[in-house]
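Structure first, commentary second.
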Amino acid sequence: MTDTPPPADAGNETPAASSEDAAPARETVHGAPLVDSLGSAVVHTGVDGYGELMAALKKDGYQLFVGLCGVDYLTHPGRELPEGVEAQRFEVVVELARMEDRKRLRVRCQVPADNPTVPTLFDLWAGSEAHERETYDMYGINFEGHPDPSRILMPEDWEGHPLRKDYASGRIPVQFKEAPSGR
Amino acid sequence: MSTTDTSNTGTGDPAPDEPKRGSLADRLLGRTVPGGPQLTSMLQHKTSEGAQELLARARTQAAELRREGGVLRLPEGAALDPEDIDIDVPSDETMILNIGPSHPSTHGVLRLMVELDGETILRSKPVIGYLHTGMEKTAEELMYHQGSTNVTRMDYLSPFFNELAFSLSVEKLLGVEVPPRATWIRMLMCELNRVSSHFLWMATNGSDIGAINMLVYGWREREILLAFFEKVTGLRMNHNYIRPGGVAADLPDGWRDDVAAICEAIPKRMDEYDNLLTGQPILQQRLQGVGALDAQTALDLGCTGPLLRGSGVAWDARRDTPYLAYDEVDFDVIVGSEGDCWDRFAVRINEIRESIRICQQILDRMPEGDFRVQDKKVTPPPRSRIDESMEALIHHFKLYTEGFKVPVGEAYVPVESARGELGCYIVSDGTSRPYRCHVRAPSFANLQSFSTMARGGFIADAIVLVSTIDPVLGDVDR
């Protein structure tokens, strides 16, 4: 899809450590570790640096907000993460694209389960609105500052967040809004 | 109205004789041209109350957008109380109207909340979720070889693209390379699917704006393509034909004649539809200048596909991040200039022609060989082998009971579907079921642009807007 070395024209990025990919000087984008995942460039971050990183990426020319989704790593804890990134239960995954050099970048943000809150990207890319609502709906991740933090796909009075791994499918037999539930 | 953009430029060329408004690049970058007007969105409505549309994104405050994209979304039943809505216009002068979810022009179960001042739309919000069936949750419970039956039901008007996006991601995780013939068959089916999807769009778009005869013609042309799909896959929709590792079956005998007939018939018909639609003053008046979306706003709202290209951004995953063998075929990326409904119409009409052009090249260059990868861990043995080989029987049994295991990792491969960028973000934990399968649905993202486009327009134009966004609610809600 894309090649891994970060673009030369972006401001704060360290130059690409050329070809060796075993354990060279770590590549970073605005201080966040950059890794190669099956040919795609992936930047890892925690909640703390997330807002600043995304703002810096927007400045770098990542104009097209492709998508945002959540992942719940509850039952798959041993995933590989670069050094310095602490694994959390949730991840917010953002796909970005830059038109000029047709480069794509994925940002994976670790979101802790006890306080699943990340800043909204609405002020950077208004197109994140529906994606963030969907992620809230499905995972219960809150997007601080979102203009309409509400459910988007599930009924408004739904309880629980269906794509969480501890939310079994088929637990609730009747899904009509006004019907009494067995919960 | 549309210009073609052949190969390498990142955005469409600015029209040379438009110095006052500023070139497209200026508008893209949000630059104000000296001597020109202040950079506002094109085709702005001037009313006694001032401008009735949002300014260009470069000059629109985030707070303003926030208000636009904000909370005009009330629970059913409470929807008619304007007191609850924080707006500047006195509440007795505006009306909240609820369109849908079962309205013929919303093409499915889309509900639109619009705030009206007379006939003019102020704020609006698409309310979705009526067709949500939890397909991403279902995907986590199905094995990889079952996954394509699931995703094919999302965007039911262009099912091949869903299967393709899913299969490409799985193949990337598996690290298998499909044989050339499978790649070209996939390309053929996808391009024909783009044509059939655009024809259905022409049909419904025509009926939405009063060209009812187009409804019949559009379905008729789509029928030719669906008949071919049925011949190849056995089904008219929800084919489950493109699977991880290749395609389900080789093309049937006589496919060349069928495709050649399609490639010959469609361009001629397109000329007729140019006469019927493109040259028709009523249609032009319904589409031209309606719902203009400038390039920066379109990008900002995450639009892709004909919507983004109609706004003048030449971004097409087939050319910009080539997959399959699109780098080996010759085609133009169709780009509009004003970003109004007319441009989106022109982009789709011309994309049909480009797809046919690609199909003609595929017809000439279809390689011989296997239609699926011969990796026994991924591909089930052919039915005939099962009767004679114990090993084949075991492989078959294991594959269909346990599935194949996919290495740990994550993958996202973008595909240019008929509606925009479609991709399947798959996280694998090393088992035979996806740990996470998120579909980046183009309709879902594109629908967000409705509020921005509709503002300041007429309620009657809202129907045209929905039509030219071309959302498929199965894709929106998944």
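Where a number appears in this text, it was derived from the coordinates with a stated rule and is not lab data. Predicted, not measured: the structure shown is a model, and the values here were computed from it. Note that each Cβ is placed from the backbone with ideal geometry, even for glycine, and that neighbours are counted across all protein chains shown.
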> Which log10 I(q)/I(0) values, to two decimals, does region B:357-401 give at q = 0.18, 0.19, 0.27 Å⁻¹ under the Debye formula with one point per Cα?
Replying inline: -0.61, -0.63, -0.94
> Residue by residue, what Karplus-based ³J(HN,Hα) values in Hz, rounded to whole numbers, does region B:109-124 have, using 6.51, -1.76 and 1.60 with θ = phi - 60° and x for Gly and Pro?
Replying inline: 9, 9, 10, 10, 9, 10, 9, 10, 10, x, 9, 8, 7, 8, 9, 7
> Peptide A:57-63: average number of partner chain Cβ atoms within 10 Å per residue?
Replying inline: 1
> Taking each residue of B:416-429 in turn, how many C-beta atoms of other protein chains fall within 10 Å of its C-beta, and what is the average?
Replying inline: 2
> Per the Kirkwood treatment, what hydrodynamic radius in Å, one decimal, follows for region A:22-98 from the mean inverse distance over all distinct Cα pairs?
Replying inline: 13.6
> If you project the alpha carbons of region B:318-371 onto the principal axes, what extent comes out on each, in Å, largest first?
Replying inline: 45, 21, 17
> Can you give the translational diffusion coefficient of region B:350-478 in µm²/s, computed by Stokes-Einstein from the Kirkwood radius over Cα pairs at 37 °C and 0.692 mPa s?
Replying inline: 172
> Amide H of B:R123: which non-local residues (sequence gap of 5 or more, or other chain) have their own amide H closer than 5 Å, using H built in the peptide plane?
Replying inline: B:E115
>> Based on C-alpha coordinates, I'd like the Rg and Dmax of region B:119-195, in Å.
In response: 16.7, 57
>> I'd like the distance separating the alpha-carbon centroids of region B:251-328 and region B:376-422, in whole Å.
In response: 33
>> Using the Karplus curve 6.51 cos²θ - 1.76 cosθ + 1.60 with θ = phi - 60°, what ³J(HN,Hα) values do you get for each residue of region B:156-170, in whole Hz, with x for Gly and Pro?
In response: 6, 8, 9, x, 4, 5, 5, 4, 5, 4, 5, 5, 5, 5, 5
> How large is the convex hull of the Cα atoms of region A:47-169 per residue, expressed in Å³ as a whole number?
Replying inline: 118
>> Semi-axes of the equivalent ellipsoid for region B:144-249, please: Cα gyration tensor eigenvalues, times 5, square-rooted, ordered largest first, whole Å.
In response: 29, 13, 11
> Say the cut-off is 30 Å between C-alpha atoms; which of A:K58/A:K165; A:K59/B:K405; A:K165/B:K172; B:K137/B:K377 go over it?
Replying inline: A:K58/A:K165; A:K59/B:K405
>> I'd like the projected area of region B:416-478, averaged over all directions, using the convex hull of its alpha carbons. Report it in nm² with one decimal.
In response: 5.1
>> Using each residue's phi in region B:381-392, evaluate 6.51 cos²θ - 1.76 cosθ + 1.60 at θ = phi - 60° and report the 3J(HN,Hα) Karplus result to the nearest Hz, with x for Gly and Pro.
In response: x, x, 3, 5, 6, 5, 6, 10, 10, 5, 5, 4
> So how many Å³ per residue does the convex hull of the Cα atoms of region B:268-380 work out to?
Replying inline: 152
> If we sort B:212-218, B:178-184, B:275-281 on the protection proxy, mean other Cβ atoms within 10 Å, highest first, what's the order?
Replying inline: B:178-184, B:212-218, B:275-281
> Which whole number gives the average, over all residues in B:434-441, of C-beta atoms from other chains lying within 10 Å of the residue C-beta?
Replying inline: 5
>> If packing is taken as the average number of other Cβ atoms within 10 Å across a peptide's residues, how do B:301-312, B:399-410, B:467-478 rank, most packed first?
In response: B:301-312, B:467-478, B:399-410
> Hull surface divided by four, with the convex hull built on the Cα atoms of region B:86-219: how many nm²?
Replying inline: 11.9
